[in-house]
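Single-structure report; data block below.
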Amino acid sequence: SCFGYPLSIFFIVINEFCERFSYYGMRAVLVLYFKYFLQWDDNLSTAIYHTFVALCYLTPILGALIADSWLGKFKTIVSLSIVYTIGQVVMSVSSINDLTDHNRDGLPDNVSVHIALSMIGLILIALGTGGIKPCVSAFGGDQFEDDQEKQRSRFFSIFYLSINAGSLISTIVTPILRAQECGIHSKQRCYPLAFGVPAALMAASLVVFVVGSGMYKKVQPQGNIMIQVFKCIGFAIKNRFQHRSKQFPKREHWLDWASDKYDKRLIAQTKMVLKVLFLYIPLPMFWALFDQQGSRWTLQATTMDGNFVAIQIQPDQMQTVNPILIIIMVPVVDVVIYPLIKKCKINFTPLRKITVGMFLASLAFVAAALVQVQIDKTLPVFPAAGQSQIKVINLGTSNAAVGFEPQLNSVTVTSMGWTDYMTFETSQLRSLNVTYGNKNTIVTVMLSEKKRYTLGIKNNSTDIVAELLSDEVTSKPEEGNNLIRFINNLPDDINVTMGGTPFGILKPLSASNYSLFPGGRKDEITILKNSGPCSGTLKAFGFGSAYTIVINECSGNTFNVRYSEDIPPNTVHMAWQIPQYFILTCAEVVFSVTGLEFSYSQAPSNMKAVLQAGWLLTVAVGNIIVLIVAGASKLSEQWAEYVLFAALLLAVCIIFAVMAYFYTYIDPNEIEAQLDEEEKKQVKKDQVVYEKQVEADSQM
């Protein structure tokens, strides 16, 4: 022992920290891996993410059954940790771009291989993390003797602290690893490292746990109470169905039909458990909203500005707000909020706390919807079917007028200026009439629908030069990257290089293709021309923007460029997500902590495992609800989906409040004491009958 604690628990705590780091680290970057590496859209990424989370919360029932009925906790943890580690390694391998990038163009040549490996890895991880979830904490509790109740209680506090520590650190670290660039033939976002580090931590978790093997107190499997409960319920239903005719007298409770086979104590305990499980029915809706932190809210953050002064926050790092606030809010609520409510003589019962938690979660999604409305205002509008967009850039030294024929519209463009994108019906626009003073030229156009174009114009001493460029950009850059291209407004050919990326040779008044650059940084530009090289530093472009940079002058120390904004950068700051995270964390504190506390207080001691399984099942069902609602709603606007989820939870909250109003609190200890007393009376009665029978037999 060490400081009065069994030495073995230190291995268990370290094991739990590493495992939680592995799980939450992998999960933090998962939805972005689906979206950016596997190239799935937002809806499919969200659906697969929540399917995985649901599976992680369904498998604990399987793990508990294996541990209690077959292998025991130690062997179950070791066996499923091996499965878990293999799953993490497979996920890391699946994210290696060079695995199928045979032509070395930076894109996987066979995405199906990566998808297949990813799905195998996720299934193995779900089996592993879910299977060991109900075993590790219980195995830690087994290490203590009956007279070490105080140490056992402190162990569980340290155990849950290790869970939060692993979650918090991994959610900070793995998005940073993901944001790095790595690869053999081409540099990509480093998902292999982001998944590889959690895989290494899971392997370390397994090694640490096995190293402590000789110190563990290993309790042999003694059967699972859940099986007994299910058998009791099944027999009661079957027996009631077989005796459904009126000739059989009714019984006080339908479970009483199990009394023909099962003892009175098990039936009474099952009644108490079912009473609590009935209250669980509305709870999955809370988890449907809560677990969208890792999917919809993370995707929302990808369209926001993550520049916090000198620190660039990754979209998936915003999830760290939740564990940070949990650490702050749990003691604040327990020490400050609840005592204040008590002083106000408000009877804030556990079920009322759960109701408030559901209401707050609904409010958090209203806040998320308001943020989404502001984000939508900043998003560019791209041409729809049957439409085209044109932007005019005046590269000349005097003002120009551009008419869109036949007689659709006309604009005046100042010297060295440009217009915003203008939308036209593709079939109606035939030509462009460009006028500089008394000079005029007609540009015939053949546009494609759903495309953007840029018209570059310039007046020379003798004529007007007009060049129509296809922009080839149909969406806002993702992951906070920027699209950059150059227009050569110099009289000579130039060769442009920016941040190590060559744009090739640009002839006068020609434009390069767009190239992708990470957001939030300043890049050096080098220009080679006949009169000699020149260089300069461009401005920082923000995140998620597209720019056309017009090079007007570059000689020696003179560097003159103009920035035409094709797509505005993300302007809504990620800090605006903090209020919704704060409200949701407050909801979690009063909902989750209270829910488990209430459940345990209303069920007999030997039924804790059944309630734990029921509680985890509500999380799984909640994630399945996300799949159903998001798939069935068909809402085109994300803010509307947030409002839909908020409205559904509010409706469920009202239903739960009604159920809670009619709920009668019980004392399981008192009921079990009554059962003990009845059993003692029955034993005495049986003893008297036995003694009388013996006496009668002796007289004969």
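The values are calculated or read from the model by the stated rules, or taken from the named source; none is laboratory data. Only a predicted model underlies this, so the values are computations on that prediction, with no experimental measurement involved. Please note: Cβ atoms are built from the backbone with ideal geometry, for glycine as well, and neighbour counts cover all protein chains shown. Heads up: the accessible areas ignore ligands, DNA and RNA and are worked out on the full protein's heavy atoms, side chains in. Shrake-Rupley method; radii C 1.70, N 1.55, O 1.52, S 1.80 Å.
So that you can scan it fast, the table gives a plain yes or no per residue for (1) modelled with pLDDT under 90; (2) open to solvent by less than 60 Å² (accessible area, probe 1.4 Å):
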{"site": "ASP41", "(1), (2)": "yes, no"}
{"site": "SER45", "(1), (2)": "no, yes"}
{"site": "TRP70", "(1), (2)": "yes, no"}
{"site": "MET91", "(1), (2)": "no, yes"}
{"site": "ASN103", "(1), (2)": "yes, no"}
{"site": "LEU107", "(1), (2)": "yes, no"}
{"site": "ILE125", "(1), (2)": "no, yes"}
{"site": "CYS135", "(1), (2)": "yes, yes"}
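Taken over region 262-276, the criterion of being surrounded by 15 or more Cβ atoms within 10 Å (Cβ to Cβ) and either part of a helix (DSSP H, G or I) or among the small types (Gly, Ala, Ser) (or both) is satisfied by ARG265, LEU266, ILE267, ALA268, GLN269, THR270, LYS271, MET272, VAL273, LEU274, VAL276.
Every residue in region 334-365 that is of a type in the set (A, V, I, L, M) and under 22 Å from GLN293 (Cα atoms), please. Hits for region 334-365 are ILE354, VAL356, MET358, LEU360, ALA361, LEU363, ALA364. Any chance you could count how many residues in region 651-681 are under 30 Å from ASN43 (Cβ atoms) and open to solvent by less than 70 Å² (accessible area, probe 1.4 Å)? Final tally of qualifying residues: 4. Only a single item in (1) assigned to a helix (DSSP H, G or I); (2) β-branched (Val, Ile, Thr); (3) open to solvent by 10 Å² or more (accessible area, probe 1.4 Å) is not met by ILE375, and it is number (3).
Yes/no per residue for (1) open to solvent by 20 Å² or more (accessible area, probe 1.4 Å); (2) out of contact with any His (no Cβ under 9 Å at 6 or more places or on another chain); (3) more than 23 Å from GLU553 (Cβ to Cβ); (4) assigned to a strand (DSSP E or B):
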| position | (1), (2), (3), (4) |
| --- | --- |
| PHE382 | yes, yes, yes, no |
| ALA385 | yes, yes, yes, no |
| VAL392 | no, yes, no, yes |
| PHE404 | no, yes, yes, yes |
| VAL411 | yes, yes, yes, yes |
| SER415 | yes, yes, no, no |
| ASP420 | yes, yes, yes, no |
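Please determine whether any residue of region 529-548 is hydrophobic (A, V, I, L, M, F, W, C), more than 28 Å from THR414 (Cα to Cα) and out of contact with any strand residue (DSSP E or B) (no Cβ under 6 Å at 6 or more places or on another chain). Checked region 529-548: no residue is hydrophobic (A, V, I, L, M, F, W, C), more than 28 Å from THR414 (Cα to Cα) and out of contact with any strand residue (DSSP E or B) (no Cβ under 6 Å at 6 or more places or on another chain). Looking across region 291-319 at every residue that is open to solvent by less than 10 Å² (accessible area, probe 1.4 Å) and assigned to a loop (DSSP other than H, G, I, E, B), the one that is nearest to VAL29 (Cα to Cα) is identified as SER295. When the test is whether a residue is touching a strand residue (DSSP E or B) at 6+ places or on another chain (Cβ under 7 Å), over 26 Å from VAL53 (Cβ atoms) and open to solvent by 50 Å² or more (accessible area, probe 1.4 Å), LYS187 passes it.
Counted as qualifying within region 125-244 are the helices (runs of 4 or more DSSP H) with 2 or more residues that are of a type in the set (S, T, N, Q) and over 19 Å from ARG20 (Cβ atoms), namely 149-179, 225-242. Look at (1) small (Gly, Ala, Ser); (2) surrounded by 12 or more Cβ atoms within 10 Å (Cβ to Cβ); (3) over 30 Å from GLU478 (Cβ atoms) and you find that SER157 fails only one, number (2). Report whether or not SER259 is open to solvent by 30 Å² or more (accessible area, probe 1.4 Å) and under 24 Å from ASP676 (Cβ atoms). Here the answer is yes, as SER259 does meet what is asked. How many residues are farther than 13 Å from GLY386 by Cα and basic (Lys, Arg) when one looks only at region 433-451? Total satisfying the criteria: 1.
When GLU479 is tested against (1) open to solvent by 60 Å² or more (accessible area, probe 1.4 Å); (2) outside any strand (DSSP E or B), just one condition goes unmet, and that condition is (1).
Going by the conditions given, is HIS114 open to solvent by less than 30 Å² (accessible area, probe 1.4 Å), outside the structural domain of ALA301 (by the TED database), at pLDDT 90 or above and over 30 Å from THR618 (Cβ atoms)? When the stated conditions are applied, HIS114 passes them. Filtering region 190-218 to residues that are over 30 Å from ASN97 (Cβ atoms) and either among the basic types (Lys, Arg) or open to solvent by less than 60 Å² (accessible area, probe 1.4 Å) (or both) leaves VAL208, PHE209, GLY212, SER213, TYR216, LYS217, LYS218.
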